[in-house]
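Here the structure is laid out as structure tokens; the discussion comes afterwards.
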Amino acid sequence: MAYSEKVLDHYENPRNVGVLEDDDSVGTGMVGAPACGDVMKLQIKVSNEGIIEDAKFKTYGCGSAIASSSLVTEWVKGKSLDEAAEIKNTHIAEELALPPVKIHCSVLAEDAIAAAIDNYRSKKQ
Amino acid sequence: MSDIKLPIYLDYSATTPIDPRVAAKMSECLTIEGTFGNPASRSHEFGWVAEEAVDLARQQVADLVNADPREIVWTSGATEADNLAIKGAAHFYKKKGNHIITMKTEHKAVLDTCRQLEREGFEVTYLDPQENGLLDLEKLKAATTDQTVVISVMHVNNEIGVIQDIEAIGEFAREQGIIFHVDAAQSTGKVEIDLQHLKVDLMSFCAHKTYGPKGIGALYVRRKPRVRLEAQMHGGGHERGMRSGTLATHQIVGMGEAFRLAKEEMATENERIRMLRDRLYNGLNDMEEVYVNGDLEHRIAGNLNISFNFVEGESLIMALRDLAVSSGSACTSASLEPSYVLRALGRNDELAHSSIRFTIGRFTTVEEIDYAIGLVRSAVEKLRDLSPLWDMYKAGIDLNSVEWVAH
Ligand SMILES: Cc1ncc(COP(=O)(O)O)c(C=O)c1O
């Protein structure tokens, strides 16, 4: 399969790989399933002002899944939670020029953002 | 490391390059100066010479498997041979019964042919292999009924390289009076085949896994006891009516020469290839959570199919762009199912997704193997550093206990 330049770049040099120390300011979303061939773990660290100041990911999956999650960590940083929730799979797929069979990777990345935000909000309640 | 040419070809079970000695013979059969004639032309020299070339090739193919040249029917490859064998026998013997037995790990050329026969009203039993990929003969016996007319079991599996016990299956089939077909596309030049001894009725071959050209193969059709087939390709009545179509002299000559070389060089070649395979295996086997798929002992020399747990296959293939290998991962195919062969062994989806098939062949070198070992090790390390599953495994979490949000 031919990959776009951007997928290759994120795959070769993934941004923000790692784990954030879990506390009240951190939301963690893990989506996907090993049996389906991809699992994304996205973590966001949210400031007192409600801005995402850091994001980390770990992903088990194909190159497009890794690139989607890497891209998302870049995009969410500096955004409010509501702004981050606006990031849609179509934006991700377009930015990375994902072929149709890889659209599910971008969907998973969108789900990961939502799951991380939910997790953060549930801690704040 | 200086003179290694990248990418390194480690996908000999997908196809092999043509041996230069074979290519030389083939190119003598193309132009006006060469043996270009139609082997069926009886009225002139061009036809006679072409027929002689085809006859020699037929003998060379028969020699590799200890058969009579009159038992060899040319086809376009193993797919066509499988179709001709299974459909041809099922149709011819349908008055005797309507039941066919095969295995879940067969090549699609066999499985899809059986599916088609199901649509025509035949009943097909698809046997599960044991965990090591081998057939349990008792299961075959238990599945056999008085309606069974064809048993089809492959010799060497294309994904995991395991070798089935064709001798034992043949004894059983013959005793029951059931036609026994064997897909031997992956075994010529790798495993001894003696059709005087094996009780096989029909055997499929192709040239392009044995350093011959693509687009040519053959079906062995036993004469004693005689096996009858209904033709699937109708026309000029070539190949004793079993397969019409003008013979592709250059392809056939290529297959003959490739099989001649295979017979001559098999013993030394296998030894060298086994040494390379073991070197690759030993170079990877000390990593954590590495699993070989399929039996290691009943296996051709050139195959290593191995799963790297907690690493996804397609991303691994991507990291291994300098290696031409194939993966059991769904992502490398159009479907979302991981390898049906590995699933049939009872491998879970994760291990099926993370499998890589290395197949080594005639032109593989020690330097290439050593280079491949280094690449694979660093790729697996890199991807495990990226993998949330690896972290969980390291933290002692049982992944089966996690409730995954499937999508
Ligand atoms: C076991 C097996 N059977 C059949 C085939 C099909 O052979 P061909 O490509 O010659 O039709 C292959 C190769 O792809 C194979 O590995």
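Residue by residue through A:36-43, how many Cβ atoms from other chains fall within 10 Å of the Cβ on average? Let's see the in-between values first.
Details: counts 9, 14, 6, 11, 1, 5, 1, 0.
Mean partner shielding for this stretch: 6.
Using θ = phi - 60° and the Karplus form 6.51 cos²θ - 1.76 cosθ + 1.60, what ³J(HN,Hα) does each residue of the stretch B:191-206 get, whole Hz, x for Gly and Pro?
10, 4, 10, 10, 7, 6, 9, 6, 8, 10, 9, 9, 9, 9, 10, 9
Just in the stretch B:9-109: which GluC sites (Glu not before Pro) are loop by DSSP and have at most 11 other Cβ atoms within 10 Å?
For GluC sites (Glu not before Pro) across the stretch B:9-109 that sit outside H, G, I, E and B with at most 11 neighbouring Cβ atoms in 10 Å, the list reads B:33.
On the first, second and third principal axes, largest extent first, how far apart are the outermost C-alpha atoms of the protein assembly as shown in Å?
Answer, in whole Å and largest first: 93, 56, 41 Å.
Between their Cα atoms, which of B:94/B:209; B:190/B:214; A:58/A:123 are more than 23 Å away from each other?
B:94/B:209
Restricting to the stretch B:179-224, what percent of DSSP beta bridges are antiparallel, rounded to 5?
60
I need the P(r) histogram for the stretch B:254-347: all alpha carbon pairs, bin width 5 Å from 0 out to the longest distance, whole percents.
2, 11, 16, 21, 18, 13, 11, 6, 1, 0
What do you get for chymotrypsin sites (Phe, Trp or Tyr not before Pro) in the stretch B:9-42 restricted to DSSP loop and a cutoff of at most 15 other Cβ within 10 Å of the site's Cβ?
Values: sites: B:9, B:12, B:36; in loops: B:12, B:36.
Passing both the DSSP loop test and the Cβ count: B:36.
Please compute the alpha carbon radius of gyration of the stretch B:1-67, then divide it by the globular-protein estimate 2.2 N^0.38 Å. Two decimals is fine.
Numbers: Rg = 17.3 Å, N = 67, 2.2 N^0.38 = 10.9 Å.
Here the Cα radius of gyration is 1.60 times the empirical estimate.
Calculated from DSSP H runs of 4 or more alone, at -39500 (n - 2.57) each and per residue, what is the 222 nm mean residue ellipticity of chain B, nearest 500? Show your work: numbers first, answer last.
On the way: 12 runs with 154 residues, N = 407.
Result for chain B, helices only: -12000 deg cm²/dmol.
Once all Cα-Cα distances of the stretch A:35-125 are split into 10 Å bins that start at 0, what whole-number percent is in each one?
It works out to 18, 53, 25, 5, in whole percents.
When the Cα atoms of chain B are enclosed in a convex hull and the volume is divided per residue, what value in Å³ results?
So the per-residue hull volume is 156 Å³.
How large is the Kirkwood hydrodynamic radius of the stretch A:83-125, counting all unique pairs of alpha carbons, in Å?
Final number for the Kirkwood radius of the stretch A:83-125 is 11.0 Å.
Quick one: Karplus J couplings for the stretch A:51-57, per residue in order, coefficients 6.51, -1.76, 1.60, θ = phi - 60°, nearest Hz, x for Gly and Pro?
9, 6, 9, 8, 8, 9, 9
So for each of B:224-234, B:198-208, B:164-174 I average, over its residues, the number of other beta carbons within 10 Å; can you give me the resulting order with the highest mean first? Don't skip to the answer; put the middle values down first.
Details: B:224-234: 14.3, B:198-208: 26.4, B:164-174: 17.9.
Ranking the peptides B:224-234, B:198-208, B:164-174 by packing returns B:198-208, B:164-174, B:224-234.
Among A:55, A:114, A:35, which one moves the most in a GNM of chain A with springs linking Cα atoms closer than 10 Å?
A:35
Given a 1.4 angstrom probe, what's the average accessible area per residue across the stretch B:1-95, in square angstrom?
For the stretch B:1-95, the solvent-accessible area averages 50 Å² per residue.
Between the stretch B:27-46 and the stretch B:72-94, what is the separation of their alpha carbon centroids in Å?
28
Using alpha carbons only, how many angstrom separate the centre of the stretch B:129-201 from the centre of the stretch B:361-407?
What the calculation gives is 34 Å, centre to centre.
What is the percent carbon and sulfur in the accessible area of the protein assembly as shown, measuring with a 1.4 Å probe over the protein chains and ignoring ligands? Don't skip to the answer; put the middle values down first.
Values: 11040 of 22340 Å².
Carbon and sulfur: 49 percent of the exposed surface of the protein assembly as shown.
Give, in whole angstrom and from largest to smallest, the semi-axes √(5λ) of the equivalent ellipsoid of the stretch B:163-228, with λ running over the eigenvalues of the Cα gyration tensor.
22, 13, 9
Round to the nearest 10 and give me the degree value, 0 to 90, for the angle of helix B:78-92's Cα axis relative to the longest principal axis of chain B.
60
Measure out, as a whole number of angstrom, how far apart the alpha-carbon centroids of the stretch B:259-312 and the stretch A:1-74 sit.
Centre-to-centre (Cα) distance: 36 Å.
Ignoring ligands, DNA and RNA, what accessible area per residue does the stretch B:193-257 give at 1.4 Å, in Å²?
38
Around residue B:396, under 14 Å between beta carbons, what's the net of Lys plus Arg minus Asp minus Glu among the other residues?
Local net charge: -3.
The values are calculated or read from the model by the stated rules, or taken from the named source; none is laboratory data. Model, not experiment: these values are computed from the prediction. For neighbour counting, all protein chains shown are included, and Cβ atoms are generated from backbone atoms with ideal geometry for every residue, glycine included. All accessible areas refer to the heavy atoms of the entire protein, side chains included, with ligands and DNA or RNA removed. Shrake-Rupley method; radii C 1.70, N 1.55, O 1.52, S 1.80 Å.
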